[in-house]
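Okay, so here's the structure we're looking at.
Read-outs: derived from the displayed coordinates by stated rules, not from any lab. Since this is a predicted model, take the numbers as computed values, not measurements. Neighbour counts run over all protein chains shown; Cβ positions are idealised from the backbone, glycine included.
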Amino acid sequence: MEFKNLIVDIQKPIAIVTVNRPKVLNALNLETVGELGAAFTMLEANPDVRAIIMTGSGEKAFVAGADITEFRGKTSPEMLPFAKKGHDVARIMESMGKPIIAAINGYALGGGCEMSMACDMRFAADTAKFGQPEILLGLIPGMGGTQRLARLVGLGIARELVYGGEQITAQRAYEIGLVNHVFPAAQLMEETKKFALKLAAKPSHALKMAKLAMNYGFDLSLDNALMVETQCFAQCWSHPDLEEGVAAFIEKRKANFHQD
Ligand code: COA
């Protein structure tokens with residue numbers, strides 16, 4: 001599948017999705033948001049791909065937000081589909097079985113920070129900057145930032161970032177739990193690939209069950225969340241990886257997963 005604003009590079013068993021609009025710091029226009037949805041849907045269906053990295057083109061930006069040039073002269077009803085589309089793509093990312101790591105190589109502002117939060121984990125270059133600067137435009141986050149940021153870092157710090165609109169460093173993002181790891185910029189992709197390959201080597205059905213249990217359970221009451229976990233746990237017995245993993249343990253050998 002060809003994309004106008006993305007590069008999708010499949011390096012079996014991982015894939016790298018690069019937002020490729022460097023002249024505008026990889027800002028997300030509506031077309032790019034749609035392409036992201038199509039790319040993740042395609043990668044979910046590709047059995048050669050077991051883990052995905054999302055990044056931005058060039059050295060300056062991961063994604064510097066929604067494309068502000070598309071905001072001019074619009075009306076409220078015209079902008080509803082934009083937010084809806086962003087939400088739909090984030091939901092595709094969260095509900096698919098394969099893990100997605102954001103390799104944040106520069107500015108992750110507005111929709112960039114929001115898309116990174118729809119990924120399973122965030123690895124950042126030490127030069128990266130994060131923020132929800134929408135307030136500075138007379139706007140609020142519209143791709144999930146008012147909700148996912150609070151779920152990741154807590155409501156108090158999320159309010160500070162959304163109300164204040166200020167950028168924070170990668171180090172600060174690490175301190176508040178927004179990113180998992182910070183690497184020197186030159187090592188970011190290598191380190192992220194290393195980790196993606198580790199995930200790709202895991203039994204993929206169990207990894208999918210773990211992702212679904214955590215993503216679907218997180219917003220539920222504990223009782224309902226534990227019910228989701230129960231179902232996903234029991235589902236592991238529907239795949240040969242479990243039999244293989246248990247046999248390998250008992251026979252004191254390395255498990256040979258991925259017979260699917
Ligand atoms: N939408 C559209 N274009 C954008 C953009 C965005 N979100 N972010 C950057 N660009 C464009 C700039 O307009 C500029 O285009 P030009 O070369 O035609 O003038 C180009 O990308 C480079 O950006 P520039 O502002 O010159 O780089 P900088 O290093 O001085 O500043 C930022 C970088 C990220 C701090 C600054 O571009 C910025 O604040 N961007 C908007 C961030 C934002 O508010 N995001 C949320 C949107 S809801």
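Over the chain, all Cα pairs binned in 10 Å intervals from 0 give whole-percent P(r) values of 7, 29, 35, 20, 7, 1, 0, listed from short to long. As a calculated quantity, the FRET efficiency between Trp237 and Thr146 at R0 = 45 Å, using C-beta atoms, amounts to about 0.70.
Between the beta carbons of Leu80 and Ala248, assuming R0 = 51 Å, the FRET efficiency works out to 0.50 to the nearest 0.05.
Peptides 245-256, 180-191 ordered by packing proxy, namely the average of other Cβ atoms within 10 Å per residue, highest first: 180-191, 245-256. The angle between the Cα long axis of helix 222-235 and the longest principal axis of the Cα atoms of the chain comes to about 50 degrees, rounded to the nearest 10. For segment 37-123, a Kirkwood hydrodynamic radius built from all Cα pairs, placed in the Stokes-Einstein relation at 4 °C and 1.567 mPa s, yields a translational diffusion coefficient of 93 µm²/s.
If the chain between Arg72 and Arg172 were fully stretched, how many nm would it gain, using 0.36 nm times the residue separation less the Cα-Cα distance? Intermediate results must be reported in sequence, preceding the final value.
Values: separation 100, 0.36 × 100 = 36.00 nm, distance 3.26 nm.
Roughly 32.7 nm would be gained on extension.
Cα centroids of segment 1-31 and segment 125-168: 23 Å apart.
In the chain, the DSSP-assigned H stretches of four residues or longer account for a calculated mean residue ellipticity at 222 nm of -14500 deg cm²/dmol, using -39500 (n - 2.57) per stretch and the full residue count as denominator. Over the chain, Cα pairs under 8 Å with separation of 6+ residues give a relative contact order of 16 percent.
Here the Gaussian network model covers the chain, with springs between Cα atoms less than 10 Å apart; of Arg50, Arg21, Arg172, Arg172 fluctuates the most.
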